[in-house]
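The values are calculated or read from the model by the stated rules, or taken from the named source; none is laboratory data. Quick caveat, the model's predicted, so the values are computed rather than measured. With ideal geometry, Cβ positions are generated from the backbone for all residues, glycine too; neighbour counts draw on all protein chains shown. For the accessible areas, the whole protein counts, side chains as well, though only heavy atoms, and no ligand, DNA or RNA atoms are used. Shrake-Rupley method; radii C 1.70, N 1.55, O 1.52, S 1.80 Å.
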Amino acid sequence: MDMKTKIVSSCMVGLLGLGVAFGAAPAPRAEAGGVLVDVLGSAIMGTMYRDQVMGVYKTYNNTEKGRQEWFQQMKKQEGVDTDEYLNDRLDTIMTNVEAGIRAVDPTVDKKPYNYFISPNEDANAYCTIGHNVNVYRGIFNLLHTDDEITVVLGHELGHGQKDHPIQGVKKSLNA
């Protein structure tokens, strides 16, 4: 049992003891598996699970090995469009967007963006944990100039720079 769990458990036992001593709460039954035991056990297990999952996601977000593993999983799941013309355009756009970010936030060099085009025909793009970006092929059909695509990707990389993807994972696990 880790220190955090011990502290939380001790506090709960102490609060329960005060309630019983002053008649504010009924004395817990001596039987195993009572409601209170079940609720506390679930809360502790949930906290331990959340911390374990967050550890995995932090590895994917903050280590180069984890970032590359996540990136490869994305490409396998989404598929990769190998259109040379579109990939050359995306390389140019991403180079320019990263240069713009670098001018105000040089930390982009510590965790450069990985990106690819998936064959999805929707007009979309997203940045996920580890600064991994998926640009759907359909965005090139809807937005015809590189400047238009740059605005969308600049927005997505802004999420990456602020670590919004990992914050979103943490928030969902806290729920």
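Amide H of residue 115: which non-local residues (sequence gap of 5 or more, or other chain) have their own amide H closer than 5 Å, using H built in the peptide plane?
133
With the dipole of region 90-153 worked out from charges on the C-beta (+1 for Lys and Arg, -1 for Asp and Glu) around the Cα centre, which of 145, 129, 92 lies farthest toward the positive end?
It is 129.
Taking 8 Å as the Cα distance limit and 6 or more residues as the minimum spacing, I'd like the relative contact order of region 78-175 as a percentage.
Relative contact order comes out at 26 percent.
Between residue 171 and residue 82, what FRET efficiency comes out of the Förster formula 1/(1 + (r/R0)^6) with R0 = 41 Å and r the beta carbon distance, rounded to 0.05?
Once the sixth-power term is evaluated, E becomes 0.70.
Roughly how far apart, in whole Å, are the Cα centres of region 75-135 and region 150-175?
Taking the Cα centre of region 150-175 as reference, the centre of region 75-135 is 14 Å away.
Can you give the FRET efficiency for residue 124 and residue 40, using 1/(1 + (r/R0)^6), R0 = 41 Å, r = Cβ-Cβ distance, to the nearest 0.05?
Plugging the Cβ-Cβ distance into 1/(1 + (r/R0)^6) gives 0.40.
Which order do the peptides 82-95, 59-72 take when ranked by the mean count of other beta-carbon atoms within 10 Å per residue, highest first?
Ranked by mean Cβ neighbours within 10 Å, highest first: 59-72, 82-95.
Rounded to the nearest whole Å², what accessible area per residue is found for region 33-118 with the 1.4 Å probe?
So region 33-118 comes to 62 Å² accessible per residue, rounded to a whole number.
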